[in-house]
Amino acid sequence: MRELSIRLLLTWGVCLVLTGLFAMVATSIHMQTISVFDDVIIEAVQGAEVPWLTTVMRTFTTIGSTLTVALIAVAALVILIRTKHRAQALLLVAVLSGTGILNQVLKFIFKRERPDLHRLIDIGGYSFPSGHTMMAFSLYTVLTYIIWRNLRNTWSRTLAVAIAVFMIVIIAVSRIYLGVHFPSDIVGGVYASAVWIIASIAVYQRFQRKKEQRYQLNLLQKE
């Protein structure tokens with residue numbers, strides 16, 4: 001019980017720290033004190049522009065789109081349900097749907113306009129926090145968590161983590177490269193998604209522990 005309390009305290013402590021970091025980014029945007037950070041990174045990323053890289057970045061930003069994320073999520077759900085991992089399927093749905101709702105709420109609150117210089121694709125809506133980054137972070141992080149729980153092979157786990165990190169980073173960078181997000185939109189999106197996914201996994205793990213305790217209790221009662 002003591003170990004559980006400490007773990008729960010650490011979990012919510014991390015969420016509190018991440019929320020504070022998100023608030024710092026949001027405040028810096030409101031006070032317009034983060035422009036130097038944004039400008040330096042935008043110049044570095046967009047300074048690498050070449051035709052073939054633009055094609056690559058367009059491809060990955062499409063992979064990060066709502067439609068593609070939905071298709072990947074549906075495929076994962078089918079696999080989880082068929083393999084009788086229904087609780088993990090529910091976790092996936094909760095994480096992704098919650099992330100989408102959170103992103104729209106935050107965009108409505110902050111109403112930050114998108115960058116208007118050197119934009120390579122047309123897009124509407126507000127800029128902060130980045131929806132593509134939030135969905136990519138949530139999708140690939142929760143899939144990695146599920147793979148980690150179901151596969152014991154070290155190589156498989158390492159590969160899952162590597163793919164997740166690559167996809168999150170490349171999708172986030174593509175948004176800066178294409179001129180539709182500020183780097184601070186990306187950072188804010190990571191913080192916001194991290195809070196939600198950590199909280200969701202904490203609730204899921206607590207539910208699973210209670211389920212296991214009930215199962216053990218039923219076994220004892222039958223003996």
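Solvent exposure of S35, expressed as accessible area, is near 60 Å², computed with a probe of 1.4 Å over the protein chains only.
Per atom type, the chain shows carbon and sulfur on 69% of its accessible surface, probed at 1.4 Å. Against the longest principal axis of the chain, how steep is helix 183-222, in degrees 0 to 90 to the nearest 10, with axes from Cα atoms? Relative to the chain, helix 183-222 is tipped by roughly 10 degrees. Note on the chain: the C-alpha convex hull projects to 14.9 nm² when averaged across all orientations.
Dividing the mean sequence gap of close Cα pairs (under 8 Å, 6+ apart) by how many residues the chain holds gives a relative contact order of 33 percent. Heavy-atom accessible area, probed at 1.4 angstrom with all protein chains present, ranks L159, L117, L77 as L117, L159, L77, highest first. Counting only protein chain heavy atoms and rolling a 1.4 Å probe, the accessible areas of M24, M167 rank, largest first, as M24, M167.
Once the 1.4 Å probe is applied to the protein heavy atoms, segment 43-170 comes out at 58 Å² accessible per residue. Shown here for segment 13-85: trypsin sites (Lys or Arg not before Pro) in loop regions (DSSP other than H, G, I, E, B) with at most 15 other Cβ atoms within 10 Å, namely K84. The C-alpha atoms of the chain define a longest principal axis, and helix 35-46 lies at about 90 degrees to it.
Of T59, T83, T144, the residue with the greatest mean-square motion in the GNM of the chain, using alpha carbon springs below 10 Å, is T83.
The values are calculated or read from the model by the stated rules, or taken from the named source; none is laboratory data. Just so it is clear, the model here is predicted, and its values are computed rather than measured. Note: ideal-geometry Cβ built from the backbone for every residue, glycine included; neighbour counts use all protein chains shown. All accessible areas refer to the heavy atoms of the entire protein, side chains included, with ligands and DNA or RNA removed. Shrake-Rupley method; radii C 1.70, N 1.55, O 1.52, S 1.80 Å.
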